Structure formats: C-alpha cells, structure tokens
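Trainee: One structure, as structure tokens, below. Some questions next.
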Amino acid sequence: GVARSAAMALSRAERCLALLLRLLSRACLALLALLPPPRAGSARAFPRAVPPPRRALLLLPARRLAALLRARQVTCIEVVEAYVQRIKEVNHLINAVVKDRFEEALQEAQQVDKLLSEGPGNDYLEEKFPLLGVPITVKEAFSLYGMPNTSGLVNRRNVIATSDATVVSRLKQAGAIPLGVTNCSELCMWYESSNRVYGRTNNPYDLQRIVGGSSGGEGSVLAAACSVIGVGSDIGGSIRMPAFFNGVFGHKPTTGVVPNDGQFPNAQGVRTSYLCTGPMCRYAEDLEPMLRVMAGPGVSKLKLNEKVSLEKIKFHCMDHDGGSIFVSPVDKEILQAQKKVVEHLENDLGVQVQRVAIHKMKYSFQIWSAMMSSKDSEGQEAQRFTDLLGDHGKPVWPLWELMKWLVGMSSHTLPAIGNAAREKLVNLNLSGKAKLVSMGKSLQEEMEALLGPDGVLLYPSHPTIAPKHHSPICMPFNFAYTAIFNVLGLPVTQCPLGLGSEGLPLGIQLVAAAYNDHLTLAVAQYLEKAFGGWVLPGKV
C-alpha cells in the first residue's frame, strides 16, 4: 500500500509539474505573440513564401541529372547556372546560403563539360564519378576548402577552411560541385538556425517559420530548389528536424558508418557514437547513392545491395512518446498523416502494422541529456558546451552570459546560453544520471529486439509542424522525438508527407535496427511515390 500511495503521489507531482511546464510554455508563446512584427510596413515587399522554381532543370533528382550529363543531353554549365540563378533569385528571402563559391563552381562545370567532350564511356563515368556535374550544398559546420567554418560562433568568424571534411572530399571525388555553405545554429546545438554571424534562416513555405536546426540552412536550400542534395550532421535531430520542417528527405545513418571528421564542433568521448553525418535530399532516390559515396569503405557495414521486399517488412507504429512532461503533445495533423501512412501500408501492401507502446520513450529527453554528458568506456568526460562556446578561450559562465545577453552585450545566442546551463544542471544529479544512462541501455536492447532483422518503426518526427521564429525557446525540449535515436544508434530516414492545412510540410520518421539502413531507405522511396514527396513551395 505504501509503495502504491508513493507512486500515486509521484504521478500527481508529475502531473502538476507537467501542467506547470505547459502553462509556462503557453505564457512564453503568448508573450512572443505580443512582440511587434519584424519590418513593419514592408509586408508588401516580403511574400509569404518563396516563388516556385520555373526551370525544369531544377526539378530533377541528382541521379537523373548525372545520367543526362553522361548522355550529353545537357551541359554542366547549364545545370550549375540554373542553380546559381535560383539561389540569386531567392536567397535574400531565406538566407540559407551564407557564403557561395559560384565562380569556382562555374569553372568546375567547364572542366566537367571538357571531360565529357573527350568522350569517356558511360559505364566508366558512372562507376568512377557517380555524381559527375551534380551541384551540392554543404552545412557551414563542415570544412569546405576556402569557405568559412564558424558554426555560427562570433569568435570564429575569421576561420576559413584550409581543407575538405572527409565526406566533402568524397563527394567532390565522385564529381559533385559545391555551390556554397549553408547556415546552422550556434555550435549546432539548437533547432532554430540563427546565429550572431549570419543571422536567421527562413522557411521557404512560410518565411515567418523556422527551418529547424542545426542543419537548417541545408533543409531550406533544398526545399527552395536552390540545391538538390546536401551534407548535414545530426546529434539530436539536426538532419531530421530541418528535413521535416522543410519537407525534404534526410537520413541519419547507423552510428559509425559515415566519418564525422572535418566538422566543428566534432564529437569527443561518448558523443562520437551519437553524432552522425548523413545525406539530405529533395528526392528519396538520391539518399542511397549519396550515402554510398559519403560512407566510402564504411558502406560494407550496410546491406545496400540487398533487394528489399516491402511486403516482408514487419511494420510497427507508435503515435507519440507516451506523454513526456517536457515535450509538447503531438499535433493532430501529424497524427492524422501517420494514420494515413498506416492505412496505406495495410491496404496497398497487405501488411499488418503493429501498434506498440514503448514505455521508456516517455523519458527520451532525460535519457538523451544524461547519455550525452556521460563518460565513455575509457572514462573520458564528454566535452563541455561551455568550453566549446569559449573555443580555446575562456569557458563561458552561463549565468554571467545571461546577464550580458539581457543588456545586449553577449556575443552568444540565448539558446546556446540555455544549453550551457542545462548541461551544468544535468551534472548536478549524478545518481539520477546513472539511472537514466542504464535506462537508455535497456531501451536500446528493447528496440533492437522489437525491430530485429526486418522491422521498421513509424514514429513522429516532432510534436509540432514548423513553428514561428523564436518560439522554440518556449518548447526547448521538443527535439527529444529525434534525439532519442541518436543515443540508441539506430538508422532513421525522415520522409515528407505533403503539406498540412497551413501549407507547411508534414512528415514521419522511419526507424530500423542498426545497419538496416536499406529498409528505411526503401520505405522512404515507397512513401514518396504514395504521398508525393517534396512539394514545390510558393504554389497557392
């Protein structure tokens, strides 16, 4: 009886706390709504969304572009010029490309055309240069030779990359042509891409909405048809949230398949197994060829050559995390979209989608937070966010920074200061942290057992569709829906599902057991055909 009444008291306390947090979040959003709208009087000058692309060349998957180039049906100069024009047309609206290399890209395009005119065989070209002549964009946190590499940190604003990150150099060797680098959040640790170096990136479907983070510029640039494939990285959902908010595809590979080196900040200690570099694409068919190139020899860990028969996949579905007190409830439209996916799979493939409720998912945020700051097997401490903010200078004191921020004296963004404070708090309660880490380990075993060799889980990408600018600060832990899969090490493909009633993208996460990336990639291609994939922005 005592245990039961204690449990009841605890659940009552939890409910009160949940209510308090909800009210705080609502109050915060209500306050934001009172702020004066930006640039009053210029509503006429700023449309709601970006204009749709008019050039047919901009509407082809990378694979199709590469095939047309090899068949000499289009020149590389035409392709690169079309993309350069498109960026010049809309980048002032979305602020996604923060530094371009158009001149170099056009020179590289000329070299590709020269190579093609010399007439090497198609098979040779496809084998050696699978992405020959395809324009790409790269998240600014990755080094791309000659481009800035600040990660939105003011004290790095003069840092210029003197080499290429491994994945960037592999994509270049495969023939891809980088157009420039795209915006991210400060130190890549927040889900709105806005910083004191480059400012804020806007959503192509509604400029008043966020693009997600930290690979937000990449999500925006792809959705606005300013690029067709790009490089992102993900330690808490940084590929998947931008892909979701901007209605494109993103893949967080199984841990340890794609090299992370050449990005700032790079992961150390336990975080090396949570940070994943992966492809972001407008079209599902481009994820797999891009993943092959980025993984290099690591691709042998995956089964990308296996033929997937969708009817044999064991589908599971979970509507929400079970009601975490830290996270907003899932929007009706997102639940509705997921329901449509389940119905389609059942009617079209004749499969039975198993509803599951995994109790520990309710603690996603706490598990992620604890595991992110735990020691690795060698006992190495996780890197402290406060040290990273100082970037080899003095570590940042969150409370002091907050005081400076309030009077406009801080060179950091409020979310970055908040993150530093969260980290200090997690490390105060060490026994609680140890419990959460072991809960995470057992959740991992439970997930692997559930998914097995042929399972795919459908799970919401985020509790809300793309929120308005600044509002993430009122719902700071909503990224838990994506973050939990980083600490579980599972492959996840983010898949768009058309637009909702407000003309904003909907989507879903497809999750499989480790090294079963081929399953989620196959399902993403299937759902793209069924639900239309990426939708042109600006079409009313």
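The values are calculated or read from the model by the stated rules, or taken from the named source; none is laboratory data. Model, not experiment: these values are computed from the prediction. So basically every Cβ, Gly included, is an ideal-geometry build from the backbone, and we count neighbours across all protein chains shown. Surface accessibility is based on the protein's heavy atoms, side chains included, excluding ligands, DNA and RNA. Shrake-Rupley method; radii C 1.70, N 1.55, O 1.52, S 1.80 Å.
Trainee: Tell me, in nm to one decimal, what length is gained between residue 169 and residue 22 on full extension, where the rule is 0.36 nm per residue of separation less the Cα-Cα distance?
Mentor: 48.3 nm
Trainee: So what is the accessible area of the chain per residue, in Å², with the probe set to 1.4 Å?
Mentor: For the chain, the per-residue accessible area is 42 Å².
Trainee: Something else about it: Just the number, please: percent antiparallel of the DSSP beta bridges in the chain, rounded to the nearest 5.
Mentor: Bridges in the chain are about 70 percent antiparallel.
Trainee: Using Cα pairs under 8 angstrom and six or more residues apart, how large is the relative contact order of segment 365-432, in percent?
Mentor: 27 percent.
Trainee: Let me ask another. Which one of 129, 112, 147 has its Cα pushed farthest toward the positive end of the charge dipole of segment 44-181, where Lys and Arg give +1 and Asp and Glu give -1 at the Cβ?
Mentor: Result: 147.
Trainee: According to a simple spin-label model (label point 7 Å from Cα along Cα-to-Cβ), what is the distance in nm between residue 157 and residue 12?
Mentor: It is 5.5 nm.
Trainee: To the nearest 20 debye, what charge dipole does segment 327-382 have about its Cα centre, counting +1 at the Cβ of each Lys and Arg and -1 at the Cβ of each Asp and Glu?
Mentor: Computed charge dipole of segment 327-382: roughly 280 debye.
Trainee: Hey, if you put +1 on the Cβ of every Lys and Arg and -1 on every Asp and Glu Cβ in the chain, which of 290, 524, 414 ends up farthest toward the positive end of that dipole?
Mentor: Of the options given, the answer is 414.
Trainee: Put a dot 7 Å past each Cα toward the Cβ at residue 46 and residue 88; how far apart are the dots in nm?
Mentor: Those two pseudo-labels are separated by 2.4 nm.
Trainee: Using 0.36 nm times the number of residues separating residue 335 and residue 32, minus their current alpha carbon distance, what extension gain do you get?
Mentor: Between residue 335 and residue 32, full extension yields an extra 106.4 nm.
Trainee: Another one. Evaluate the relative contact order of the chain (contact order divided by residue number), counting alpha-carbon pairs under 8 angstrom at least 6 apart; express in whole percent.
Mentor: 17
Trainee: Using the alpha-carbon atoms, what tilt in degrees (0 to 90, nearest 10) does helix 332-344 show relative to the longest principal axis of the chain?
Mentor: 60
Trainee: Next question. For segment 237-337, what is the relative contact order in percent, using Cα pairs closer than 8 Å and at least 6 residues apart in sequence?
Mentor: Relative contact order here is 23 percent.
Trainee: If you line up the long axis of helix 102-117 against the longest principal axis of the chain, both from Cα atoms, how many degrees apart are they, to the nearest 10?
Mentor: Taking the Cα atoms of the chain, the angle to 102-117 is about 50 degrees.
Trainee: From the square roots a ≥ b ≥ c of the eigenvalues of the alpha-carbon gyration tensor of segment 235-383, which class results: rounded (a/c under 1.5), prolate (a/b over b/c), or oblate?
Mentor: oblate
Trainee: Quick one: net charge of residue 482's neighbours, Cβ under 10 Å, K/R +1, D/E -1?
Mentor: Residues near residue 482 contribute +1 overall.
Trainee: Using just the C-alpha positions of segment 407-540 as equal point scatterers, what log10 of I(q)/I(0) does the Debye formula give at each q in 0.10 1/Å?
Mentor: With one equal scatterer per Cα and no solvent, log10 I(q)/I(0) is -0.48.
Trainee: So, one more: In whole percent, and with a 1.4 Å probe on the protein chains, what portion of the accessible area of segment 26-161 is carbon and sulfur?
Mentor: Carbon-and-sulfur percentage of accessible area, whole number: 54.
Trainee: Dipole magnitude of the chain about its Cα centre, charges +1 at Lys/Arg Cβ and -1 at Asp/Glu Cβ only, in debye to the nearest 20?
Mentor: So the magnitude is around 1340 debye.
Trainee: Which three extents, in angstrom, do the Cα atoms of the chain have along their principal axes, listed largest first?
Mentor: Projected onto the principal axes, the Cα atoms of the chain cover 83, 59, 52 Å.
Trainee: Under a 1.4 angstrom probe, counting protein chains only, how are 251, 92, 344 ranked by accessible area, largest first?
Mentor: Solvent-accessible surface, decreasing: 92, 344, 251.
Trainee: To test your reading of the geometry: what angle, between 0 and 90 degrees and rounded to tens, separates the Cα axis of helix 2-34 from the longest principal axis of the chain?
Mentor: Helix 2-34 sits at roughly 50 degrees to that axis.
Trainee: Determine how large the accessible area of residue 441 is when every protein chain is in place; take a 1.4 Å probe and give Å² rounded to the nearest 10.
Mentor: 100
Trainee: Here's something else I'd like to know. Quote to one decimal, in nm, the extra length available between residue 310 and residue 442 on full extension: 0.36 nm per residue of separation minus the C-alpha distance between them.
Mentor: 44.6 nm is the gain from fully extending residue 310 to residue 442.
Trainee: For the chain, can you list the cysteines whose C-beta has no other cysteine C-beta under 4.7 Å from it?
Mentor: 16, 76, 184, 188, 226, 276, 281, 317, 495
Trainee: Can I ask one more? How are the alpha carbon pair distances in segment 55-143 distributed across 5 Å bins from zero to the largest one, expressed in percent?
Mentor: Pairs per bin, as whole percents: 2, 13, 24, 23, 19, 11, 6, 2, 0.
Trainee: Using unit Cβ charges (K, R positive; D, E negative) and no other charged atoms, how large, in debye to the nearest 20, is the dipole of segment 193-255 about its Cα centre?
Mentor: Dipole of segment 193-255, to the nearest 20 debye: 120 debye.
Trainee: Over segment 303-406, what number does the Rg to Rh ratio reach, with both radii from the alpha-carbon atoms and Rh per Kirkwood?
Mentor: 1.17
Trainee: Using a probe of 1.4 angstrom, how much of the accessible area of segment 179-272 is carbon and sulfur, in percent?
Mentor: Whole-percent figure for carbon plus sulfur exposure: 46.
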